[in-house]
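Taking it in order: structure first as structure tokens, then the write-up.
The values are calculated or read from the model by the stated rules, or taken from the named source; none is laboratory data. The structure presented is a predicted model; accordingly, all values stated were derived computationally and were not measured. No Cβ is skipped: glycine too gets one built from the backbone with ideal geometry, and neighbour counts run over all protein chains shown. Note: accessible area is taken over every heavy atom of the protein model, side chains too, but ligands, DNA and RNA are not part of it. Shrake-Rupley method; radii C 1.70, N 1.55, O 1.52, S 1.80 Å.
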Amino acid sequence: MRILSFGVAALLVSQWLASAQVAVEVAIAQEQFLPGEGIPVVVRISNTSGQSLQLGEDDAWLTFYVETRDGQLAARNGQVPVKGLFMVESSQRANKHVDISPYFDLEKQGNYRLTVTVKVPQWQKEISSKPIAFNIIKASTFWEQEIGLPLTDGTANAQPEVRKYTLQKANYLKQLRLYVRITDVSEGKLYKLIGL
């Protein structure tokens, strides 16, 4: 009986040591974004466990959590697609690049924190990153124009579909950035945000 409990304890300790030797870090290139702007994220997985890790078998291996300053989780618009099988050899690091913006409701201004969790199926463990902060900010509008789209279905008497084109500016670290924002007339639906 003692040999069995010693074996179970040794297995648990070896799994804990191995998971402690896998580090997960999340990084973004800037801290401020406009509503609708892409938020490119890099997830870095460092493996010093002495074992090869097989990841990416399905979309559940990597989970993103975005929360507001007061700890509320941001609403999801869908599952972030991260499927794609790959190996992280011992003493190696792998990077996964993802734009999380389409998969979370990040239209409101405010402070947010992003954390990622990697599931290692071989050890039945989850390893989380430290949270990183970013802000959704509002840009200043200095020109806008509503423009009707040409009708393509051959109906000459139909009401034209109208888009609003807005030229905006935002200051990021004392650097002026210009954007074109294309929405419907009510600005309830964002079609495109383009950095100039």
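Working only within region 93-136, note down all residues that are over 16 Å from Val80 (Cβ atoms), of a type in the set (A, V, I, L, M, F, W, C) and in contact with a Pro (Cβ under 7 Å, 6 or more places away or on another chain).
Answer for region 93-136, where residues must be over 16 Å from Val80 (Cβ atoms), of a type in the set (A, V, I, L, M, F, W, C) and in contact with a Pro (Cβ under 7 Å, 6 or more places away or on another chain): just Ile136.
With the requirement that a residue be farther than 30 Å from Lys174 by Cβ and open to solvent by 10 Å² or more (accessible area, probe 1.4 Å), what does region 29-60 give you? First the steps, then the outcome.
First pass over region 29-60, keeping only residues farther than 30 Å from Lys174 by Cβ: 45-60.
The answer is Ser46, Thr48, Ser49, Gly50, Gln51, Ser52, Gln54, Glu57, Asp58, Asp59, Ala60.
Would you pick out the residues in region 17-48 that are part of a strand (DSSP E or B), touching an Asp or Glu at 6+ places or on another chain (Cβ under 8 Å) and not aliphatic (A, V, I, L, M)?
Listed by number, the residues that qualify are Pro40, Arg44, Ser46, Asn47.
For residues that are in contact (Cβ under 8 Å) with a residue 24 or more places away in the chain and among the β-branched types (Val, Ile, Thr), scanning just region 163-189, find the one that is farthest from Leu34 (Cα to Cα).
Val185
Any chance region 85-96 includes a residue that's within 28 Å of Thr166 (Cα to Cα), open to solvent by less than 50 Å² (accessible area, probe 1.4 Å) and modelled with pLDDT under 90?
Scanning region 85-96, I find no residue that is within 28 Å of Thr166 (Cα to Cα), open to solvent by less than 50 Å² (accessible area, probe 1.4 Å) and modelled with pLDDT under 90, so the answer is no.
Determine whether Lys125 is over 30 Å from Asn95 (Cβ atoms), in contact (Cβ under 8 Å) with a residue 60 or more places away in the chain and within 27 Å of the chain's Cα centre (by Cα).
no
As an exercise: evaluate Glu89 against (1) in contact with a strand residue (DSSP E or B) (Cβ under 9 Å, 6 or more places away or on another chain); (2) closer than 28 Å to Thr183 by Cβ and give the number of the one condition it does not meet.
Every listed condition holds for Glu89 apart from (2).
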